[in-house]
1. Taking chain C as the reference, fit the longest principal axis to its C-alpha atoms, fit the long axis of helix C:127-141 to the helix C-alpha atoms, and give the angle between the two in degrees, 0 to 90, nearest 10.
2. Tell me, what is the percent relative contact order of chain C, built from C-alpha pairs under 8 Å that lie six or more residues apart?
3. Averaged over B:109-119, how many beta carbons belonging to a partner chain fall within 10 Å of each residue's beta carbon?
4. Give me the log10 of I(q) over I(0) for chain C at q = 0.12, 0.15 Å⁻¹, as the Debye formula computes it from C-alpha points; what are the numbers?
5. Can you spot the aspartates and glutamates whose alpha carbon is less than 15 Å from C:Lys109's alpha carbon? Ignore those fewer than 8 places along the same chain.
6. Binning every alpha carbon pair distance of segment A:36-301 at 10 Å from zero, what are the percents per bin?
7. Which order do C:Leu2, A:Leu150, A:Leu225 fall in if you start with the one that has the fewest other Cβ atoms within 10 Å?
8. Taking the Cα atoms of segment B:106-180, what is the range of coordinates along each of the three principal axes, in descending order and whole Å?
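Here, each number is a calculation from the coordinates, and none is a lab measurement. This is a predicted model, so every value here is computed, not measured. Counting neighbours? That spans all protein chains shown, and the Cβs are built from the backbone with ideal geometry, glycine included.
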Amino acid sequence: MSATSTTIGPGDGAQAVDRAPAPSRGAHRRWWLRPRLAISGTIVLLMIIMAAFPQLFTGFGAGPTENCDIMLSNQAPSAAHLFGIDIQGCDYYTNVIYGARASILVGIVVSAIAFAIAALVGAIAGYFGGWVDAVISRICDMAFGLPFILAAIVVLQLFGQRNIWTVIFALALFSWPGGVRFMRSSVLEIRHREYVQAARLLGAGNRRIIAKHIVPNAVTPLLVLQTLGVGGMISAEAGLTFIGIGLTPPAVSWGLQLAAARDYIDAAPHLLLFPAIFLTITVLGFVLFGEALRDEFDPKGK
Amino acid sequence: MRQPHHAPRPLLEIRDLRVQFATPQGTATAINGVDLQLAAGQCLGILGESGSGKSVTARTIMGLLDTPPARVAGGEILLNGEDLLSIGAKRRRQLTGPCMSMVFQDALSALNPVHPVGRQIGELFRVHRGYSRKAAKAAAIEMMDRVRIPAAASRVNDYPHQFSGGMRQRIVIAMALALGPELLIADEPTTALDVTVQAQILELLKEQQAENNMGLILITHDISVVREVTDQVAVMYAGRIIEQGPTAQVLSAPRHPYTRGLAESVASEALKGHRLPAIPGSPPDLLNIPVGCSFANRCFLADEACTAAVPALEAISAGRQSACFHSQEVPSHAAYSH
Amino acid sequence: MLGYTVRRIGQMIPVLLGATFIIYALTFLMPGDPISALTGERPLPEATVAQIRQAYHLDDPFFVQYGNYILGVFRGDFGIDFFGRPVLGLILERLPTTLALALTAWVLKLFIGLLIGVYGGLRAGKTGDHFALVFTVLFMGVPGFVIALGAQTYFGVHLGWVDPAGIRAGWPMAFILPALVMALEAAAGLARLTRTSLVDVLRAEYLRTAKAKGLTPRRIIWGHALRNAMIPVVTYLGLSLAGMLGGAVIIEAIFNLPGIGGLMVSSINNKEGTVVVGIATLLVLVYLVFNLLVDLTYGLIDPRVRI
């Protein structure tokens, strides 16, 4: 008991009751017992494998544009062609499987670029403060001033022929301001922590402090935030492609398939159905995965 | 220890109150059989450290516990003979405000940031007395005057963040006093304030209590507050009252080892340069309360009897009770200072 | 208040300049000569080309071009397209459709999102809350344009409830389906935010005070909880209105509504840079104005930031 105060010191553990604890959400359970993380993680993993090795799912048979027979165009699903035949007379199952690559690649790479920019620029802005922060924050304001989809459209129209990398470039160009702001505020919080001060007193340089102390300690929430954004990027790519501003043939993507299918809604509804299902499951999987991750790292953020 | 039949009915009587909390680690017993009485015009201090159950007691009386995780496992709380634990929600609302009210620890978070203070005070008159907007505002100004907020009429439309800490606490007190309650519970009303402001707020509480003949329960972990303000004191430890009696007597001649430890730690302020008498050890785990006396593991008088059974709170002299098998030996024992 | 407004407008100007400059630079870095796109197969005589380039200031240094452009914008002159029509007129002709769509969607979203969010927040942890959560995840997870396609196919083509192609039915009939699709997707985020905010507020000390005043649960929620819970929501709502203008571009294309989206796509295909830049500039302006309005409303709802 302190002699300089007339008050009673806090008791161990007992405060928990005094402050009426909220029931924990099973933090002691194993992760694989949590169905949401397990299910969404499986979807995400499956889609990534599908994007990387589509052959695994098509039995190492013909590629998406091989073995096509224009006479069979728009044939409905059958035992030989599970998802039917597309307009060009190609096996639709193969096409849909190969379509995963565009979506997954765009979603993950754009988010990764946004993550890298945000981690670095946000850390610099938050760590140095002053005019560096002011300049970076104003640039963020400007980039925020543009509606995201609109900015992406303006960039995409610069290119006549648009492949996956063009779309990634266009989406990544304006994908970072949110992350930068987020990282900046995280860094502002930890900048004054004792281990940062200690490192500075021990003579560590700015670059070392940012690389060893600031970024590693502020980066996890940002990573989770960007994971949540993957689904949105996949959606954006498919939407842009669908209205004819995103990927252009000969690329194979769900957005292109949906756009082509649109004119045959009555004659061949299966053309619309399968890519839509795949796209939905993928985006849903990534959104759920991001949310599960966030709850994992920050149970209060729900 | 029940009130004898011929005595006047107390304002508040708590009988064998038990409150538990469901936590991820199991059931924690926050209040483990508390008996209390308070007469009108009396000021009772409840002294205890965090987790001793003093705040939970206050919230249980006021019906402010979050259930779940909290659960009242047993007992009665009689306000003018009416059991607050068995009345319906509507009746409770009728009593909360007009008959009993509460002053909170942190006035800034206790006041709604988006409403002017006048509206927050006036709301009581509007809801419970059906005042018009205008009348409620006039009543609010009157209350602000009563708790001596300068220029009340011009500040009635100000928001909580525009007041200083002491003034905010006065507003919270004005709100609590608005409908002239018979029972006022103040939960650490001065903890968040500067020392000089603390004294003013305590002064105000005491004066209002005397003027309106209220029963006042003052919950605190600060012995000096208890000494200055209260007539009676109940010391809580691990969900039980372990000593009770007139404040001056209890603090000057404690009859429970825990109270003695507290009293000595305060008294020792005068003995600068000497070794501090501290109570070794820490309070028991509320998830797993020991079979015997909760204080036994820290007590200089503990023996086998203490770890075998819980000592009951029993009369030791006129108006004084202690829950200790060795209450006779407490004053004489050499205790902590060796 | 006036001083603050002026200061905020002052802060808007660099953002406006920066954002429009980005758009302007990107657009006029467009590969391909606009004049050859205009004339098609048959080449124009050198002199005519030079004359056109002169008329459109295409030979001026880039920054001069941008400076002239932005000065024009402040006078309400967004330039003319290659057929000599004023760009502002073209945009204003299409703007009402887009604004109607975005606003309808926004209002629908407001109702749906707040309803679900408040419901989920009040019943936090209970079955109703879980259902609300599943709903929000579904609408966040299913891409909006997939819902749009599905809704159009089902309600438009199969049931014939709404005209699948275009605006003939006028407001509101032609707008309900696209607006609802946009609203559902956006309502999920709003519902989430509202729920989280309300759950936080419901734990606040001042609600305990309200309970200690003997108020009814209804009065506690309506009088004390909701307004506090709305503070973060209002910011989000303002920002999202601008986002809806962007999102409307894609939905318009799907539902064949003759709004800004269609104009944008056709201008891009025709390499009508002035129109593209004009649209972007106007949308940025609208966005900034909404931002300003949000900032000013913020003081009304939260007295702590009142100026």
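1. For helix C:127-141, the angle is close to 10 degrees.
2. Working: 328 pairs, mean separation 82.0, N = 307.
Relative contact order comes out at 27 percent.
3. On the way: counts 5, 8, 3, 12, 8, 10, 6, 1, 0, 0, 1.
If you average over the peptide's residues, the count of other-chain Cβ atoms is 5.
4. The Debye formula, applied to the Cα set alone, gives -0.94, -1.21.
5. Here the aspartates and glutamates satisfying the reach criterion relative to C:Lys109 are C:Glu185.
6. 7, 26, 28, 20, 11, 6, 2, 0
7. Details: C:Leu2 7, A:Leu150 26, A:Leu225 22.
Listing C:Leu2, A:Leu150, A:Leu225 from fewest to most nearby Cβ atoms yields C:Leu2, A:Leu225, A:Leu150.
8. In descending order, the Cα extents are 30, 22, 21 Å.
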